[in-house]
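First comes the structure, then the notes that go with it.
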Amino acid sequence: AQSVTQPDIHITVSEGASLELRCNYSYGATPYLFWYVQSPGQGLQLLLKYFSGDTLVQGIKGFEAEFKRSQSSFNLRKPSVHWSDAAEYFCAVGAKEYGNKLVFGAGTILRVKS
Amino acid sequence: NAGVTQTPKFQVLKTGQSMTLQCAQDMNHEYMSWYRQDPGMGLRLIHYSVGAGITDQGEVPNGYNVSRSTTEDFPLRLLSAAPSQTSVYFCASRTSGTGVYEQYFGPGTRLTVT
C-alpha cells in the first residue's frame, strides 16, 4: 500500500525567507501527488498536484513542488514566505491501483516569524 | 456554486449518543468521501462512495455508517458515540473516472464526545 511521510511536524521560518517542506512517499509505480494547505479552522485547499509530465509543478500562492522519482520525494517550496502562509500543509498520494483513494501525510505546521 | 457544505460546524455529544453529520455538494461529483483528522495523524479515510447506492469502507470505518441515496448528499452516522471519535471530520468530493483527481473539501465538523 502507498504511504506518505512528512518528516517535519513543525517548521518555523522568518517572513521573507525561503521555505521547503519535505514529503516522501512509498509506492512502486508513478503516483499522483498533491499538496494541500489548511488554515486554522478551515478545510483543505489544493495548492498543486503532479500527475505526469514536467516534474516541477507550479501552484497557487507562489508555491512550487518538484517530483523526484529517484528520491521518492515531492517537496514543496516557496522562495519568500509571507505571514499569511502560516498554516498546516499536507502531502497526499493517490494511485489507480489503490482505487484512486488518497493517503495523507501527518502534516507539517508552518509558523512564520515577523 | 457552494461547493462542499457540512453541518454542523461544531457538536458536543455524550458517550452513547447518536448523530448524523451532513455533507452535500453541488458539483455533480460521483465520488464522495469522509475523513477524520487527528493531531499528528493527518487525514484518514472513513468511508467513501463512487456513486448513488454504492458505498465502501476506508481505513477507519468502525463505529460509522454511511449511505448514499442521492448524488448530492453523503451523511455520516455515529450510532453510539465514543470518546475515541472526538475529531474533526471532513467531507470531500471529486469527479469520478479512471484517473486520480483533485478532491474538494468541506469546512469540517469539529466533534467532541464526553
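Computed from the Cβ-Cβ distance with R0 of 22 Å, the FRET efficiency linking residue B:54 to residue A:1 stands at 0.50.
For residue B:38 and residue A:42, the FRET efficiency from 1/(1 + (r/R0)^6), where r spans their Cβ atoms and R0 equals 25 Å, is about 0.90. Measuring r between the beta carbons of residue B:79 and residue A:77 and using R0 = 30 Å, the FRET efficiency lands at 0.10. In the frame of its principal axes, chain B has Cα extents of 40, 29, 26 Å, reported largest first. Pairs of Lys residues in segment A:39-114 that lie 8 or more places apart, or on two chains, and have C-alpha atoms under 18 angstrom apart add up to 8.
Expressed in units of 2.2 N^0.38 Å, where N is the residue count, the Cα radius of gyration of the protein assembly as shown is 1.02.
Scaled against 2.2 N^0.38 Å for its residue count N, the alpha carbon radius of gyration of segment A:59-108 is 1.34.
Between residue B:17 and residue A:111, the modelled label-to-label distance comes to 3.5 nm, taking each label 7 Å out from Cα in the direction of the beta carbon. Exposure here means at most 15 other Cβ atoms within 10 Å; with trypsin sites (Lys or Arg not before Pro) in a DSSP loop as sites, the longest stretch of chain B lacking them is B:15-114. Fewest-first ordering of B:50, B:12, B:66 by other beta carbons within 10 Å of each residue's beta carbon gives B:12, B:50, B:66.
Each of B:114, B:5 was scored by other Cβ atoms within 10 Å of its Cβ. Listed from fewest to most, they are B:114, B:5.
With a 10 Å cut-off around each Cβ of B:106-112, the average count of Cβ atoms from other chains is 2. Exposure proxy ranking for A:93, A:81, based on other Cβ atoms within 10 angstrom of each Cβ and starting from the fewest, stands as A:81, A:93.
Read the figures in this text as sums done on the coordinates, not as results from a lab. Computed from a predicted model, the values in this text were never measured in an experiment. Note that we place each Cβ from the backbone using ideal geometry, even for glycine, and neighbour counts take in every protein chain shown.
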